[in-house]
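**Q** Here you go, one structure.
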Amino acid sequence: MTPVRRWITLPTTRRCWRSPGLSGWSSRPTMCWPGWYDTRMRPAVQPGVPTLVGSRRVALTIRQTSISVLAAAASSGARVSVPGTRSAAWRRMPPRDEAGQEFAMSIAWDEFYSSRVRWLKDSVTMDLRRIMGDPNVISFFAGLPDPALYPVEDIRLALDHVMAEQGREVLQHAPPAGDGLLKSYLTEKLRRGNVPAQEENMLVLSGSIQGLDLVAEMLLDPGDAVIVEDPTFSGALEVFAKYGARFITVPVDDEGLQVESLAATLLQQRAKFLYTMPTCHNPTGVDLSLARRRRLLAIAREFGLPLVTDDPYGELRYRGTAPPELLALDGEANVIMIGSFSKILAPGLRLGWLLAPSPVVETLRLEKLSADRSTNHLVQRLAAEMARQGMLDRYRETMVTVYGEKLEAILAAMRLYFPPAVKWTTPCGGYFIWVTLPVGLDASLLLERALAQQVAFIPGASFFAAGGGENTLRLCFVNTPLAQIPEGIQRLGRLITELIDGCGDDSPA
Ligand SMILES: Cc1ncc(COP(=O)(O)O)c(C=O)c1O
């Protein structure tokens, strides 16, 4: 193949030749700093030799003009690093196999990144990701449904039905705001809970996280403040951070968000919106009490504060009755309510929805149109069909029974095996229990030791927007096999006791 040669304009305003060849980028510099290649590059980067290259200026030249050398170095396993640059990605050029299957990076991509993506990070570390599928690990880690309960056969039957009856329709785009059948099911269900939902107030989403993303895109400019609960869902923090959010935190206790503290905060600072999980909060599992719900709505009205509620867990209630939705109490529609099928059907289907005043829905609909045009039509009809045939209700009843047993089992085990200095929440539903260790104990150290004993959980610090929470952790109880729960909690209890007693201290005496 003849290499294609073309001029490019670099951000440094210099121009140079580059030509993609079969084995990556193979140009020699022609315009920019002609002397560099021979005098600095060739001796500086040698295949197979870990190489440190000098200044940022040199680094730019190297990256933009002599990539073939870097590619050769990388393919031989060399580590090329440049002090004083913010580039991390280019130093990790992927190794290429003999056949040159993988693209070597010819551009320092991160030099071109927008400020938005610089905030992105994966809260799940590789170590934790590795244990997620390990059957030997007793995992209280991922906030995912129990896969043993997935209604696979029902889904197959409903899909067959949809394809047989509506196949030609569902293979077309869905309306950007969502499929009418699904919206009609959802709005009727919401109205039974006294939420004044109309189809024109609803937007169907590709997972509720998309709702958070669209709302953030709609409301946030870089530097804008968002009020979040402390602790809160770390996935939401990541979405808001992408839009340059500044976080103001308000604590959560056993009755949910401390609303008086919110009122005091609002006297001092303005924010674009409050993000809150009033029911079966992630990560604490608690519900916002009815009195606080009313007070929250009054505060929102008084300060003109938009509320964004996120409620993927509310339908999974094992004890008591669910408190009313904020929208069922709010006559003024200051609330954007976001819901999801991820916890009550399957996260892999990527299906969620939101409810908002219709002009807001229209703006969000336009954003969605430009993001992904519409949510998967087949999946929307699948959910509507499962609802029509009563499959969703049956599945929810099964989950409530099984997860409810798991909740009782884990609470009983914690009472039995956790030392008295440990405190935890007692949720009425959802997926999570929030554990507070004595101050000074570090949950990430506990995790390190727990992993060695084949037990996993999430240390709580990642749920705090402004730092802190090192002595907290989140346990997800729904996804662990019932029979493993007592053993897992016993191991954790033993490790916590060792940490409290100082027996687990690795440092020499
Ligand atoms: C509070 C909360 N909101 C949103 C999500 C994401 O849900 P979805 O899969 O619908 O995007 C999660 C998932 O863990 C969650 O816990």
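**Q** What nm value, rounded to one decimal, do you get for the distance between Q389 and S444 when each label is placed 7 Å out toward the C-beta?
**A** Modelled inter-label distance: 4.8 nm.
**Q** What's the extension gain from E255 to T321 if we count 0.36 nm per residue and subtract their Cα-Cα distance?
**A** 22.3 nm
**Q** Arrange the peptides 281-289, 150-158, 328-336 so that the one whose residues have, on average, the most other Cβ atoms within 10 Å appears first.
**A** Order by mean packing, descending: 281-289, 328-336, 150-158.
**Q** Hey, another quick one. Note down the relative contact order for segment 175-325 as a percent, whole number, built from C-alpha pairs under 8 angstrom at least six residues apart.
**A** 20
**Q** For segment 242-281, take the convex hull of the Cα atoms, compute a quarter of its surface area, and give me that in nm², please.
**A** 3.4
**Q** Hey, what D do you get for segment 163-263 in µm²/s if you plug the Kirkwood alpha-carbon radius into Stokes-Einstein at 10 °C and 1.306 mPa s?
**A** Result for D is 96 µm²/s.
**Q** Let me ask something else. Which net charge results for the neighbourhood of V335, defined as the other residues with beta-carbon distances under 12 angstrom from its beta-carbon, given Lys and Arg at +1 and Asp and Glu at -1?
**A** -3
**Q** Restricting everything to alpha-carbon atoms, can you work out Rg to Rh for segment 206-291 with a Kirkwood hydrodynamic radius?
**A** Ratio of gyration radius to Kirkwood radius for segment 206-291: 0.96.
**Q** How would you rank 178-184, 229-235, highest first, on the average number of other Cβ atoms within 10 Å across their residues?
**A** 229-235, 178-184
**Q** Of the heavy-atom accessible surface of segment 237-349 (probe 1.4 angstrom), what whole percent is carbon and sulfur?
**A** Carbon and sulfur: 50 percent of the exposed surface of segment 237-349.
**Q** Between segment 329-359 and segment 418-456, how many Å separate their Cα centres?
**A** 30
**Q** Could you tell me the calculated FRET efficiency between H161 and E200, based on Cβ-Cβ distance and R0 = 25 angstrom, to the nearest 0.05?
**A** So, using R0 = 25 Å, E works out to roughly 0.35.
**Q** So between L290 and Q268, what do we pick up on full extension, going 0.36 nm a residue minus the alpha carbon distance?
**A** That works out to 5.3 nm of additional length.
**Q** Okay, next question. Among K189/K272; K189/K423; K121/K368, which pairs are too far apart, with a Cα-Cα distance over 28 Å?
**A** Too far apart for the 28 Å limit: K189/K272; K189/K423.
**Q** Then there's this: For D134 and A452 in one chain, what is 0.36 nm times their gap in residues minus the Cα-Cα distance, to one decimal in nm?
**A** Full extension of this stretch gives 113.2 nm more.
**Q** With every protein chain present, what is the per residue accessible area of segment 152-392 (1.4 Å probe, Å²)?
**A** Averaged over the residues of segment 152-392, the accessible area is 39 Å².
**Q** If you take the Cα Rg of segment 152-392 and divide it by 2.2 N^0.38 Å, with N the number of residues, what do you get?
**A** 1.01
**Q** If you take the square roots of the eigenvalues of the alpha-carbon gyration tensor of segment 408-509 and sort them as a ≥ b ≥ c, do you get rounded (a/c under 1.5), prolate (a/b over b/c) or oblate?
**A** Note, shape of segment 408-509 comes out oblate.
**Q** Something else about it: May I ask for the net charge around R394, where only other residues with Cβ less than 14 Å from the Cβ of R394 are counted and Lys, Arg are +1 while Asp, Glu are -1?
**A** Every neighbour counted, the sum reads -4.
**Q** Post the alpha-carbon centroid distance, segment 459-473 to segment 250-280, in whole angstrom.
**A** With segment 459-473 and segment 250-280 each reduced to a Cα centre, they are spaced 17 Å.
**Q** Count the net charge of all other residues whose Cβ sits under 11 Å from the Cβ of A322, scoring Lys and Arg as +1 and Asp and Glu as -1.
**A** Cβ neighbours under 11 Å give a net charge of -2.
**Q** Classify segment 356-407 as rounded, prolate or oblate from the Cα gyration tensor: take a ≥ b ≥ c as the square roots of its eigenvalues, call it rounded if a/c is under 1.5, otherwise prolate when a/b beats b/c and oblate if not.
**A** Prolate.
The values are calculated or read from the model by the stated rules, or taken from the named source; none is laboratory data. Because the structure is a prediction, the values reported are computed rather than measured. Methodologically, a virtual Cβ is constructed for each residue, glycine included, from the backbone with ideal geometry; neighbour enumeration extends over all protein chains shown. Just the protein is used for accessible areas: all its heavy atoms, side chains included, with ligands, DNA and RNA removed. Shrake-Rupley method; radii C 1.70, N 1.55, O 1.52, S 1.80 Å.
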